[in-house]
Amino acid sequence: MKNKISTLILLVIVCLQLTSCNNDDDFNTLLDPVSVIVPVIKSKSEFRNSIEITAPQTTNSDGKIYVYTDLLFYIAQNSGIHIFNNENPENPQNIAFIELEGVHDISVKNDILYADNFMDLVVFDISNLSSIQLVNIEEDMLTYYAAFPDDGSYYQSGIFPTSDDEFISDYITVDMERTEVENDPDIYHWSSEIFIDAFDAATGNTIGVGGSYAKFQILDDALYTIDDFGLYTFDITDYNSISLVSETWIGGWFGGELETTFILKDYLFVGATNGMHIVDLQDEFMPIYISSFTHATGCDPVVVEESTAYITVRGGNSCGAIEDQINVIDISDINAPIEYSTYFLSSPYGLGIKDQILYVCNEEGINVFDAQNPNDMILENTYESSSKDVIPLASHLITVGENVIHQYNYVDDFGLELISTIQF
């Protein structure tokens with residue numbers, strides 16, 4: 001009898017542990033919110049008809065910077081392009097705004113601005129800044145897939161494009177009660193298979209310079225863009241009639257996703273989640289893959305000066321589970337890049353190199369390194385800043401953070417002197 005009672009008590013304990021027999025706990029659990037990833041459907045004709053050139057605007061969107069002659073561009077992601085007259089960096093003037101809902105990157109050559117607008121390549125004539133003209137829209141020329149969030153545990157599968165005019169422009173994460181989620185047959189637990197389904201459903205030159213996160217580059221009459229796994233080359237000899245002339249496969253499902261581009265002479269350096277890839281551009285319209293430097297998974301832009309490449313590798317979250325670091329790479333043999341050294345620091349983002357001085361944006365601010373000896377870089381200064389990327393011009397340094405641009409003069413002893421701030 002005693003053994004039977006003991007067995008009964010044990011069964012009750014197991015029941016409590018495995019099935020949460022407490023009704024109050026069950027009820028509370030059902031009311032707990034869960035995160036659900038929801039696709040956002042947009043009309044192509046709607047965003048194409050919304051392009052507009054207006055007076056200066058404020059922004060609340062993260063962005064990138066681009067410099068062309070005396071102009072400074074702030075590319076507000078999924079919003080538009082802010083244009084500043086930066087002839088006097090101490091007093092930049094906000095002069096115009098191009099409303100472009102799907103923009104992420106731009107390049108400018110000879111007063112012609114090229115930008116992405118979701119899957120379209122749009123072209124503007126900016127030779128007269130008081131009368132900027134939209135001169136061409138090449139529809140469905142670019143690859144566009146909405147960025148998939150990594151913070152959802154369920155997926156809303158019943159929302160999808162219903163015509164050729166519709167596409168998935170974005171994904172948002174919303175909180176729902178667990179009871180609501182469990183009673184909806186179109187909401188599923190997050191899985192890689194669902195991701196693949198969602199992925200498949202979405203369908204005498206003067207040239208400017210972008211930051212280290214740029215995905216657009218121009219060399220002579222070629223415009224280069226990247227998606228997750230490929231490099232695309234467009235002939236822009238006639239900006240009214242642009243054509244795709246080549247596709248170069250670089251990445252792969254198991255080879256890392258392409259993220260950033262940087263041009264030095266006749267070479268394109270592509271930053272990817274698994275390292276750096278080098279592409280020969282001697283024939284501008286027929287890029288040829290040459291070599292790679294690989295590392296564990298991480299988010300990493302790349303910049304190059306002379307025979308040395310610098311890569312910031314940021315781990316954590318969707319970037320991967322590795323230590324944050326700077327990789328310094330010897331590319332004197334372009335066919336076989338090898339590592340000079342590694343420098344560890346917290347959460348590095350964008351970077352820039354000028355005259356063997358390396359500028360790195362990270363969570364501490366702007367780190368300034370003496371990079372004369374690639375095997376032993378020396379941290380000389382750190383400046384408090386929320387900047388995420390940097391462009392070191394010959395005249396001065398420009399950095400960008402969320403809704404803010406800082407400009408600095410170079411001073412002695414690896415120093416920087418703040419000369420202006422644009423705060424949106």
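The values are calculated or read from the model by the stated rules, or taken from the named source; none is laboratory data. Bear in mind the structure is a predicted one, so any value in this text is a computation, not a measurement. A quick note on method: Cβ atoms are made from the backbone with ideal geometry, for glycine too, and the neighbour counts reach across all protein chains shown. Calculation scope for accessible area: heavy atoms of the full protein, side chains included, ligands and nucleic acids excluded. Shrake-Rupley method; radii C 1.70, N 1.55, O 1.52, S 1.80 Å.
Projecting the Cα atoms of Met119, Ile75, Ile106 onto the dipole axis of segment 39-133, where Lys and Arg carry +1 and Asp and Glu carry -1 at the beta carbon, places Met119 farthest toward the positive end. Computed over protein heavy atoms with a 1.4 Å probe, the carbon and sulfur contribution to the accessible area of segment 347-424 reaches 40%. Of the residues Ser163, Leu129, Asn183, the one whose Cα sits farthest toward the positive end of the charge dipole of segment 119-194, with +1 on the Cβ of Lys and Arg and -1 on the Cβ of Asp and Glu, is Leu129. Each residue of segment 127-139 is assigned a 3J(HN,Hα), and the resulting list reads 5, 10, 5, 7, 8, 5, 10, 7, 10, 6, 10, 9, 6 Hz, derived from the Karplus form 6.51 cos²θ - 1.76 cosθ + 1.60 (θ = phi - 60°), x at Gly and Pro. When peptides 307-314, 336-343 are ranked by their average number of other Cβ atoms within 10 Å per residue, the highest-first order is 307-314, 336-343. Using the Cβ of Val328 as centre and a radius below 10 Å, the other residues enclosed give a net charge of -3, where K and R count +1 and D and E count -1. Gyration tensor analysis over the Cα atoms of segment 356-424 returns equivalent ellipsoid semi-axes of 21, 13, 10 Å (largest first, whole Å). Here are some pairs, Lys64/Lys215; Lys109/Lys354; Lys215/Lys265; Lys265/Lys388; Lys354/Lys388; which of them have Cα atoms lying more than 21 Å apart in this structure? Listed pairs above 21 Å: Lys109/Lys354; Lys265/Lys388. Ranked by the mean number of other Cβ atoms within 10 Å of their residues, highest first, the peptides 370-378, 232-240 come out as 232-240, 370-378.
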